[in-house]
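One structure is given below, encoded as structure tokens.
The values are calculated or read from the model by the stated rules, or taken from the named source; none is laboratory data. Just so it is clear, the model here is predicted, and its values are computed rather than measured. All Cβ positions, even for glycine, are placed from backbone atoms using ideal geometry, and neighbour counts span all protein chains on display.
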Amino acid sequence: MATNARTMTRTGGRSATFRRFMLLVQANFLMYIRNKAAMFWVVLFPIGLMLIFGAIYGNQTIGPESSGLTLISFITPGLIVLSIMSNGLVGNAGAMANFREKGILRRVQTTPLPVAHLILSRVVMQSCIMIGQAALMLATSVVVFNARYDVAGLLSALPWIVLGSVVFMAMGQAVAALVRKEETVSVVTQVINFPLMFLGGLWMPVTSMPDWLQGVSKFLPSTMLADLVRTPMLSSFHIEPTIPFAMALLGITAYLVGSVALSARFFKWS
Amino acid sequence: MKSILSAERTTTALEAVTTTSSGIIIDIAGLSVFYGDVKAVRGVNLQVEHGEIFGLLGPNGAGKTTMLSAIEGIVKPTAGRVIVLGRDVQKQTEEVQRTLGISLQSTAFFDELKLWELVKLYAGMYEVFLSKSEILALLARFDLAEKANALTRQLSGGQQQRMALALAICNDPQIVILDEPTTGLDPQARRAVWAIIRELRAEGRTVVLTTHYMEEAQELCHRIGIIDRGELIALDTPAGLIRSLKADSLISTTIRLPESEVEALPGVTGVRWEGDHMLVQTNDAQETVFGLQKLAVEHRQLLTDLTIKQPDLEDVFIALTGRNIRQ
């Protein structure tokens, strides 16, 4: 057996690094789809919400009747953002805190694998999952509720889905870096997640809120992302974004840079 | 000491390339690690020789894990240096890490991966890519072949520890570093782990482990470094450490003999009673037992229930630190 182990492939250089990265993506994917909590909150819960909203409001339209914009078409991009938030902020923070508490980060530190590769492989894998999840939700809304989207708009929303997934994962990473215990991490992410969810214009236009709340709302990353994803998807309905495009992009990039800086500065191995 | 090392030593290609002529595989010089005010390791000098099972023995919090961390390159020494296979751990961390197989105190399993997937992933971290059949062979060796598709939470404590050992050698390391490999295991599972550790050594790997079990250090290790409060206070073979103590043996028997006559026997340094048992402390167990036998005959009594306790590492530890290891 020992000889067996000694004859195994030992490669080096860039190709080995790439192969290792793909192995990490694959392993993280398996962990993800086997994690029941992630599957519930990221996949089932947003779709369940859509079905409930749809059952209550049917094909009710928002705005002027003539616009033909149904509530379901409006909230589906919002629910995609909800999914991205559960996946990134809540899910990633929890996973990193769990890795730390189980001693996995320490163990990784003893190997030649840079921990950044582990984190990056999760970002790549989860961004792919987010694209798949968005496709699933759009398909559900079209099949079940006959929602309509602008096809070119869907494609142009794709980069924002990926960006949003990266931003919220970075925020999760930052929370995990700042807060030590896994239990506390989960409480903190819920506390952050709640206002982001209700004030981010995910299932109602921000303009329907009182003025002071609108003021708060405009600074939230969820509002920015919902704008970035929704506006191109519903471009044929000419809906007005809450925040001008450039501001939304700038704002969400600021959240990304801030989160990455915090996670790098306060990263804890154990 | 050398004779133990040369026994059943196997030479492999890897070994021939990297073994230095001196046989020193890990060289720790003047190592200190301070965490703020806490002086976890204080000026330790220590050499681990190729092919031995080296044990760091000491109570919890003595600095054993920190010493291992310095070898593994995950803690920066405050002073001193660690050289592994001729490379400075701080300067060539990655190269050193490729030669090490690690098992930390926490087993570090990913919850949702099956055993074979964990082996594949951890080997991959070292850029060692194993085929499924190689992985199954590795698991079989640790008696885990049937559990290849199980999750780690479905394993017993002993199986988890064997899995941790499998992960420690999945990158085919020359040096295996095990932090408390048997803590919390029942005696049977502990012996199974010992057998595996001896096997790793028989393959030509050097093993460094920590323990706070005296009998483990005594039975398993070729050499032991006793660590207390961050300092290396003794370093020798288990037999050498006990010899250096020049400690007395303790004879226990239920026979009733006049204390003054027992005290006069050759070698006896003290007599006391513990319930029914007379405890005779002696620096010459052989002569004292012979004398006891004669006394028993003279007093027409039967010498029954006689045991001789030799000094062990526990006594060495108490002699060196004035404390029991679990205090």
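Assorted remarks:
- Residues that are in a helix (DSSP H, G or I) and closer than 30 Å to B:Ala40 by Cα are absent from region B:131-147.
- Selection status of A:Ala152, at pLDDT 95 or above and not polar (S, T, N, Q): no
- Every residue from region B:145-164 that is within 24 Å of B:Glu219 (Cβ to Cβ) and surrounded by fewer than 21 Cβ atoms within 10 Å (Cβ to Cβ): B:Ser156, B:Gly157, B:Gly158, B:Gln159, B:Gln160
- Restricting A:Ser127, A:Ser141 to residues that are farther than 24 Å from A:Ala55 by Cα and either part of a helix (DSSP H, G or I) or within 14 Å of chain B (Cβ to nearest Cβ) (or both) narrows the list to A:Ser127.
- Evaluation of A:Asn87 against the conditions (1) crowded, with 23+ Cβ neighbours inside 10 Å; (2) under 26 Å from B:Arg153 (Cβ atoms); (3) modelled with pLDDT of 95 or more shows that the sole unmet condition is (3).
- Region B:71-89, subset within 14 Å of chain A (Cβ to nearest Cβ) and part of a loop (DSSP other than H, G, I, E, B), residue farthest from B:Ala40 (Cα to Cα): B:Val89
Let's see how each residue does on (1) crowded, with 22+ Cβ neighbours inside 10 Å; (2) more than 14 Å from the chain's Cα centre (by Cα); (3) free of Cβ contacts under 8 Å to residues at least 60 places away in the same chain:
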residue	(1), (2), (3)
A:Val151	no, yes, yes
A:Ser165	yes, no, no
A:Ala177	no, yes, no
A:Glu182	no, yes, no
A:Val187	no, yes, yes
A:Val191	no, yes, yes
A:Phe198	no, yes, yes
A:Gly201	yes, yes, no
A:Pro205	no, yes, no
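- Of all residues in region A:111-124, those satisfying the criterion of being part of a helix (DSSP H, G or I) and either within 13 Å of chain B (Cβ to nearest Cβ) or within 19 Å of A:Ala16 (Cβ to Cβ) (or both) are A:Val115, A:Ala116, A:His117, A:Leu118, A:Leu120, A:Ser121, A:Arg122, A:Val124.
Listed here are the residues, each with its yes/no results for (1) more than 23 Å from A:Lys268 (Cα to Cα); (2) surrounded by 15 or more Cβ atoms within 10 Å (Cβ to Cβ); (3) more than 16 Å from the chain's Cα centre (by Cα).
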{"position": "B:Asp37", "(1), (2), (3)": "no, no, yes"}
{"position": "B:Val41", "(1), (2), (3)": "no, yes, yes"}
{"position": "B:Gln47", "(1), (2), (3)": "yes, yes, no"}
{"position": "B:Lys64", "(1), (2), (3)": "no, yes, no"}
{"position": "B:Gly73", "(1), (2), (3)": "no, yes, yes"}
{"position": "B:Pro77", "(1), (2), (3)": "no, yes, yes"}
{"position": "B:Leu85", "(1), (2), (3)": "yes, yes, yes"}
{"position": "B:Val89", "(1), (2), (3)": "no, yes, yes"}
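- Top-ranked residue in region B:160-204 [being in a loop (DSSP other than H, G, I, E, B) and within 17 Å of the chain's Cα centre (by Cα); ranked as nearest to B:Leu46 (Cα to Cα)]: B:Glu180
- Some residue of region B:160-173 being over 20 Å from A:Gln109 (Cα atoms) and at the interface with chain A (Cβ under 9 Å from one of its Cβ atoms): no
- Only a single item in (1) farther than 30 Å from B:Pro173 by Cα; (2) touching a Ser or Thr at 6+ places or on another chain (Cβ under 9 Å); (3) at pLDDT 95 or above is not met by A:Ala135, and it is number (2).
- Summed over region B:108-130, residues that are facing chain A (nearest Cβ under 9 Å) and in a helix (DSSP H, G or I) total 8.
- Scanning region A:92-109 for residues that are crowded, with 24+ Cβ neighbours inside 10 Å and either on the phi > 0 side of the Ramachandran plot or touching a helix residue (DSSP H, G or I) at 6+ places or on another chain (Cβ under 7 Å) (or both) turns up A:Asn92, A:Ala93, A:Met96, A:Ala97.
- Scan of region B:139-159 for residues that are away from chain A (no Cβ under 12 Å), of a type outside the set (D, E, K, R) and over 11 Å from B:Trp116 (Cβ atoms), ordered by number: B:Gln154, B:Leu155, B:Ser156, B:Gly157, B:Gly158, B:Gln159
- Any chance A:Val108 is part of a helix (DSSP H, G or I), farther than 30 Å from B:Ser103 by Cα, without any contact (Cβ under 8 Å) to a residue 12 or more places away in the chain and more than 11 Å from the chain's Cα centre (by Cα): no
- Some residue of region A:120-137 being of a type outside the set (Phe, Trp, Tyr) and closer than 25 Å to B:Val75 by Cα: yes
- Residue satisfying all of: in region B:92-107; in contact (Cβ under 8 Å) with a residue 12 or more places away in the chain and part of a loop (DSSP other than H, G, I, E, B); nearest to the other protein chains (Cβ to nearest Cβ) among these: B:Leu104
- Some residue of region A:223-245 being touching a residue at least 24 places away in the same chain (Cβ under 8 Å), outside any helix (DSSP H, G or I) and within 20 Å of A:Val167 (Cα to Cα): yes
- The one condition from (1) in contact with a Ser or Thr (Cβ under 7 Å, 6 or more places away or on another chain); (2) farther than 30 Å from B:Leu57 by Cα; (3) buried (at least 18 other Cβ atoms within 10 Å of the Cβ) that B:Thr304 does not meet is (3).
- Restricting region B:205-223 to residues that are under 19 Å from B:Ala192 (Cβ atoms) and aliphatic (A, V, I, L, M) leaves a set whose member that is farthest from the chain's Cα centre (by Cα) is B:Val207.
- Total residues in region B:186-216 satisfying the condition of being touching a residue at least 12 places away in the same chain (Cβ under 8 Å), over 25 Å from B:Ile242 (Cβ atoms) and not polar (S, T, N, Q): the figure is 9.
- Test: residue in region A:91-104 that is in contact with a Leu (Cβ under 7 Å, 6 or more places away or on another chain) and touching a residue at least 24 places away in the same chain (Cβ under 8 Å): yes
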